[in-house]
Amino acid sequence: MEFELREENADLLNSVTVLFLNNDKDSAAKNNELINLMSEYIKNLIVATSASEAKEKSEGKDIDILITDFNLADAESTEFPVYVRRHNPSCAIIIYTDKNDPDHLLEAINLKVDKYLIRPCSFKDFMSVMVNFAEYAFTLKSLYSAHIESTTHLDTESYDTISQSIDELRSVISRLASQHCMESLPIIHTVKGVIEKLKYLLKNSY
């Protein structure tokens, strides 16, 4: 299957680390086809067939995107996204599943996943989602790589003013996240990452 990417999008996909937890036995074969296609466009693709294997393979790595299925009857599958988000706060979580019932959709909202994709999904649509999340990850990485010159320092008043503004922005984003708006969650997670980095940079400038 041919899928054409603009050069800038190809660079985005090569800049991220993707973890694909392929632990649904019923869908493993179909997922393997998708994984083989993805591997042609994503350089850093980690594939695991169990949560324990995924934890081992991703240890010490900065996971930008997690792709997984989940089943309410399997506690491990619902707990793993929480584990990943705890260790990689800005990681985008994609649930790729054939479960389209209200219970699973509600649990996905509770888990604050970033995208809920129902199989079958065209490869083109799937990769469009991947490019979007890769762009979010690239934005964060660009921010993290920024450095404040050692000669840059803020006076106490400026520091307090900026710090208060960041805290107020953090409060607004938290309220938005609590509304469980599925379409806005990717942006919310990105902004939350930006806020935390701003706080870090501010602290080092004082």
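The values are calculated or read from the model by the stated rules, or taken from the named source; none is laboratory data. As the structure is a prediction and not an experimental result, all values here were calculated from the model. Don't worry about glycine lacking a Cβ; one is built from the backbone with ideal geometry, like all the others, and counts go over all protein chains shown. What goes into the accessible areas is simple: the full protein's heavy atoms, side chains included, and nothing from ligands, DNA or RNA. Shrake-Rupley method; radii C 1.70, N 1.55, O 1.52, S 1.80 Å.
Got a number for residues in the stretch 85-99 being open to solvent by 60 Å² or more (accessible area, probe 1.4 Å) and of a type outside the set (D, E, K, R)?
Number of matching residues: 2.
I'd like to know if the stretch 49-65 contains one or more residues that are out of contact with any helix residue (DSSP H, G or I) (no Cβ under 9 Å at 6 or more places or on another chain) and buried (at least 16 other Cβ atoms within 10 Å of the Cβ).
No: the stretch 49-65 contains no residue that is out of contact with any helix residue (DSSP H, G or I) (no Cβ under 9 Å at 6 or more places or on another chain) and buried (at least 16 other Cβ atoms within 10 Å of the Cβ).
Considering only residues of the stretch 1-32 that are farther than 17 Å from residue 76 by Cα and among the acidic types (Asp, Glu), which is farthest from the chain's Cα centre (by Cα)?
2
Note down all Cβ pairs under 9 Å where the first residue falls in the stretch 127-145 and is among the basic types (Lys, Arg), the second is modelled with pLDDT of 85 or more and surrounded by fewer than 15 Cβ atoms within 10 Å (Cβ to Cβ), and they're at least six residues apart or on different chains.
Here the result reads none, with nothing in the stretch 127-145 linked to a residue that is modelled with pLDDT of 85 or more and surrounded by fewer than 15 Cβ atoms within 10 Å (Cβ to Cβ).
How many of the residues making up the stretch 70-79 are surrounded by fewer than 21 Cβ atoms within 10 Å (Cβ to Cβ), in contact (Cβ under 8 Å) with a residue 12 or more places away in the chain and not hydroxyl-bearing (Ser, Thr, Tyr)?
The qualifying residues number 4.
Restricting attention to the stretch 100-126, report how many residues are assigned to a helix (DSSP H, G or I) and loosely packed, with under 12 Cβ neighbours inside 10 Å.
Of the residues in the stretch 100-126, 5 are assigned to a helix (DSSP H, G or I) and loosely packed, with under 12 Cβ neighbours inside 10 Å.
Residues that are farther than 15 Å from residue 137 by Cβ and open to solvent by 40 Å² or more (accessible area, probe 1.4 Å): does the stretch 10-21 have at least one?
Kept after step one, since they are farther than 15 Å from residue 137 by Cβ, are these residues of the stretch 10-21: 20-21.
From the residues that got through so far, the ones that are open to solvent by 40 Å² or more (accessible area, probe 1.4 Å) too are none.
No, the stretch 10-21 has no match at all.
Can you name every residue in the stretch 86-98 that is farther than 24 Å from residue 125 by Cβ and either assigned to a helix (DSSP H, G or I) or modelled with pLDDT of 90 or more (or both)?
86, 87 - these are the residues of the stretch 86-98 that are farther than 24 Å from residue 125 by Cβ and either assigned to a helix (DSSP H, G or I) or modelled with pLDDT of 90 or more (or both).
Exactly one condition in (1) farther than 24 Å from residue 106 by Cβ; (2) open to solvent by 40 Å² or more (accessible area, probe 1.4 Å); (3) β-branched (Val, Ile, Thr) is not met by residue 82; state its number.
Tallying (1) farther than 24 Å from residue 106 by Cβ; (2) open to solvent by 40 Å² or more (accessible area, probe 1.4 Å); (3) β-branched (Val, Ile, Thr), residue 82 fails exactly one: (1).
Run down 143, 105, 111 and say which single residue is at pLDDT below 85 and hydrophobic (A, V, I, L, M, F, W, C). Walk me through it before giving the result.
Values: 105 fails: at pLDDT below 85; 111 fails: at pLDDT below 85.
The unique qualifying residue is 143.
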